[in-house]
Structure formats: structure tokens, C-alpha cells
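Q: I have a structure here, written as C-alpha cells, and I will follow up with some questions on it.
The values are calculated or read from the model by the stated rules, or taken from the named source; none is laboratory data. Just so it is clear, the model here is predicted, and its values are computed rather than measured. Methodologically, a virtual Cβ is constructed for each residue, glycine included, from the backbone with ideal geometry; neighbour enumeration extends over all protein chains shown. For accessibility, only protein heavy atoms count, side chains too; no ligands or nucleic acids. Shrake-Rupley method; radii C 1.70, N 1.55, O 1.52, S 1.80 Å.
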Amino acid sequence: MTDSLSYTYDKFTFEVAADLLYSAAGVWARAEGGQITTGVSDFFQQRNGDVAFAEIEDVGTAVSAGKPFVDIETIKLDIELPCPVSGQISAINESLEMEAELINQDPYGEGWLAVIESNNWAEAAASLMTPEAYLAHIKVEAEAGE
């Protein structure tokens, strides 16, 4: 992660990587050409607890923006994450099979989830939040106790 924004609430500090776009569900997206790398935000992983399992759709699976593409099980709950972009999964983070805790340890780096070959990145990007907008979003959620 390069530059980041941060927000401290109570005893927690949440980092928001400044070079990514975010969904309201806490999924981030980074475009490198037509390849979109995805993961979860620091706020998501802190709020939901230690990740025990991450089940990602298989490489080659067609995904749609807003539809589940990853199932994350934490010590607190089971969460289906909506995909931030439509396309086809071209890679998954196989390290998560044995080390799901990477999501908690390094959500913007080694804890990435999947790479998606996007067929509509410009459209998807327009529907995602900038780092500043996501920071404002998590402030509201943290203060609401969600």
C-alpha cells in the first residue's frame, strides 16, 4: 500500500489505501489494464473479526457486479461479498486456502482476493467510491456502531 487516509474511532484506526476504489460493502478494486485486483478494506477486516476461511469462486467463473463472488467466514459471522465489477475471474489468491489470516494481516497486499478480467471497468469504476468517499462512509458506519 502506498499512501493512505486514516480514521480513528474509539481505540481503532482504520486505513484506507489512497490508490483504490471501494464498494459500500468494503471490497476494494485496483485496475491494471483490464485486470482488476480485488480485496477487502482494513475497516471490513477489523469490523468483522479474524478470518477463518475465504472461499473464492473458481478461475474462469463469470461474475457480475453486485453479485456474490467470495464467501468469507470470520469468528463472528459468514459474509457473502458482492463483486465490484463484472467479468471473469482470471486469478485467485491461493495462499488464502491455507492462510486466510492474510486478509487480516495485510488486506491491501498479500490478503488480496481475486483478479477479474473486466468487461466494463469504466462503468464499474463510476459506481465505486473514491478513497475520500469511502473514508466518509466508514466514519458514518463506525459512529453508528455497525
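Q: Students often get this wrong: which residues of segment 51-83 have the backbone nitrogen under 13 Å from the point 7 angstrom along Cα-to-C-beta of GLU99?
A: Taking a point 7 Å out along Cα→Cβ of GLU99, no residue of segment 51-83 has its backbone N under 13 Å.
Q: What is the chain by shape, rounded, prolate or oblate, if you read a ≥ b ≥ c off the alpha carbon gyration tensor as root eigenvalues and call it rounded for a/c under 1.5, prolate for a/b larger than b/c, and oblate otherwise?
A: oblate
Q: If you don't mind, there's one more thing I want to ask. Given labels modelled 7 Å from the Cα in the Cβ direction, how far is it in nm from TYR9 to ASP106?
A: 2.7
Q: To continue, here is another question. Rounded to a whole number, what % of the accessible area of segment 1-66 do carbon and sulfur atoms account for, probe 1.4 Å?
A: On the way: 1450 of 3120 Å².
Here carbon and sulfur together make up 47 percent of the probe-accessible area.
Q: Shifting gears a bit: Calculate what fraction, in whole %, of the accessible area of segment 82-146 sits on carbon and sulfur atoms when a 1.4 Å probe is rolled over the protein chains.
A: Numbers: 1570 of 3240 Å².
Of all accessible area on segment 82-146, carbon and sulfur atoms account for 49 percent.
Q: Give me the accessible area per residue for the chain, probe 1.4 Å, as a whole number in Å².
A: Here the residues of the chain average 50 Å² of exposed surface.
Q: For segment 22-39, take each phi angle, set θ = phi - 60°, evaluate the Karplus expression 6.51 cos²θ - 1.76 cosθ + 1.60, and give the result in whole Hz per residue in order, putting x for glycine and proline.
A: With the stated coefficients, segment 22-39 comes to 9, 9, 4, 6, x, 8, 9, 9, 10, 8, 9, x, x, 8, 10, 7, 10, x Hz.
Q: Also, quick follow-up: To the nearest 10 Å², what's LYS67's accessible area with a 1.4 Å probe?
A: LYS67 exposes around 120 Å² with every protein chain in place.
Q: Return the long-range amide H neighbours of VAL63 (sequence gap of 5 or more, or a different chain), with a cut-off of under 5 Å between placed amide H atoms.
A: GLY87, GLN88, ILE89
Q: For LYS67 paired with GLU141, estimate the spin-label separation in nm (one decimal), with each label point 7 Å from Cα along the Cα-to-Cβ line.
A: Placing both labels 7 Å along Cα→Cβ, they lie 2.3 nm apart.
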